[in-house]
Amino acid sequence: MTTPLRVGVVGVGHLGQHHARLLSGMPEATLVAVVDTDAARAQEVGGRYGVAGTAHWRDLVGRVDAVSIAVPTVAHCEVALRCIEAGMAVLVEKPMAASVQEADAIIEAAARRGVTLGVGHTERFNPAAAAALPFVSRPRFVEVHRLGTFPERSLDIDVIFDLMIHDLDLLLTSVGSDVVDLEVVGVNVLTPKADIANARIRFASGCIANLTASRISREKVRKARFFQQDAYVSIDFGAREAEMYRLLRGNGRPVIQGGPIPVSPEEPLQRELADFVSAVRAGRAPTVSGAAGREALALATRIADAMQSAAGLP
């Protein structure tokens with residue numbers, strides 16, 4: 001593809017408006033229109049970037065090559081399937097769908113129609129993660145804390161699918177091993193769904209990961225630490241900082257060397273959208289494919305089911 005990719009954004013709420021902002025300034029893409037069930041919101045956001053604002057995705061048919069979908073999770077499958085059937089490449093926000101079965105339907109539809117499918121696991125594109133993860137090799141223990149203040153959005157899903165799923169995706173790609181066991185606990189505090197959860201995951205490789213996710217904390221914390229043979233890797237997703245320390249063994253006393261890892265100043269969502277646009281234009285798979293999005297969703301679902309079982313819920 002030599003001309004800019006024609007794109008639309010479906011859902012321009014808290015997150016989708018930033019999709020529109022970034023796509024509107026991308027040389028490789030042309031933002032054509034934005035869609036929201038709130039027609040006034042669609043027109044307001046569209047007006048910011050000089051594009052049409054409409055209340056229905058059907059208005060994009062024949063006008064765009066690809067869409068970014070940032071509607072509520074319960075609508076991901078329906079909107080994604082309709083856009084795919086119309087021949088549009090699709091980037092769908094995380095979690096990929098409301099269930100693994102819906103994720104399978106989206107993947108199957110994209111394969112049948114021959115269109116690009118990506119999933120918006122933005123932390124995979126965090127510059128700190130991109131800089132640090134190449135140094136992660138066969139970790140033995142991983143500690144992750146993702147704590148946030150109470151949100152005004154994403155309350156249709158629990159904290160596992162809202163926050164923890166970011167780290168499940170990162171774990172699956174960095175550990176590269178099957179999950180063989182897990183222990184979980186979750187607590188409903190301010191909503192009918194779990195607002196804080198902890199999962200201890202054991203992988204076939206022997207690696208153990210301990211994850212805590214909360215949306216009722218007084219401060220925001222987004223950090224991961226990887227411990228492996230003779231090395232330690234740390235990522236601060238919020239500050240976009242990374243460190244790596246390694247034990248060097250020689251004839252004398254072992255020496256610890258390391259320090260901060262250089263991190264680019266790019267915005268994670270900018271990197272994610274640029275990757276998707278590049279994938280569609282080049283006819284390649286995005287960095288976070290539909291299969292990767294499904295894998296993270298499947299593990300999140302397994303954790304949520306185990307949490308309900310542990311609490312004695314049906």
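The single condition from (1) more than 25 Å from residue 275 (Cα to Cα); (2) buried (at least 19 other Cβ atoms within 10 Å of the Cβ); (3) of a type in the set (Lys, Arg) that residue 94 fails is (1). Note on the range 232-269: residues that are surrounded by fewer than 17 Cβ atoms within 10 Å (Cβ to Cβ) and of a type in the set (A, V, I, L, M, F, W, C) total 5.
Of the numbered criteria (1) closer than 23 Å to residue 93 by Cα; (2) surrounded by fewer than 21 Cβ atoms within 10 Å (Cβ to Cβ); (3) within 20 Å of the chain's Cα centre (by Cα), the one residue 222 fails is (2).
Scanning the range 97-119 for residues that are outside any helix (DSSP H, G or I), surrounded by fewer than 22 Cβ atoms within 10 Å (Cβ to Cβ) and touching a residue at least 12 places away in the same chain (Cβ under 8 Å) turns up 98, 99, 115.
Can you confirm whether residue 165 is touching a Pro at 6+ places or on another chain (Cβ under 7 Å), in contact (Cβ under 8 Å) with a residue 60 or more places away in the chain and under 22 Å from residue 132 (Cα atoms)? The answer is yes for residue 165. Note on the range 1-59: among residues that are touching a residue at least 60 places away in the same chain (Cβ under 8 Å) and part of a strand (DSSP E or B), the one that is nearest to residue 271 (Cα to Cα) is 29. Among the residues that make up the range 60-75, is at least one of them farther than 22 Å from residue 120 by Cα and either in contact with a strand residue (DSSP E or B) (Cβ under 9 Å, 6 or more places away or on another chain) or assigned to a strand (DSSP E or B) (or both)? Yes: the range 60-75 contains one or more residues that are farther than 22 Å from residue 120 by Cα and either in contact with a strand residue (DSSP E or B) (Cβ under 9 Å, 6 or more places away or on another chain) or assigned to a strand (DSSP E or B) (or both). Could you list all residues from the range 246-275 that are more than 27 Å from the chain's Cα centre (by Cα) and not basic (Lys, Arg)? Across the range 246-275, the qualifying residues are 247, 248, 250, 251, 252, 254, 255, 256, 257, 258, 259. Here are some residues: 180, 136, 185, 233. Which one is of a type in the set (A, V, I, L, M) and modelled with pLDDT under 95? After ruling out the rest, the residue left standing is 185.
Kindly check whether there is at least one residue in the range 155-173 that is over 19 Å from residue 244 (Cβ atoms), outside any helix (DSSP H, G or I) and of a type in the set (Phe, Trp, Tyr). Within the range 155-173, not a single residue is over 19 Å from residue 244 (Cβ atoms), outside any helix (DSSP H, G or I) and of a type in the set (Phe, Trp, Tyr). Only one entry of 125, 141 meets the criterion of being among the aromatic types (Phe, Trp, Tyr) and either within 23 Å of residue 71 (Cβ to Cβ) or without any contact (Cβ under 8 Å) to a residue 40 or more places away in the chain (or both), and that entry is 125.
The values are calculated or read from the model by the stated rules, or taken from the named source; none is laboratory data. What you see is a predicted model; the values in this text were computed from it and never measured. In this analysis, Cβ positions are derived from the backbone assuming ideal geometry, glycine residues included, and neighbour counts consider all displayed protein chains.
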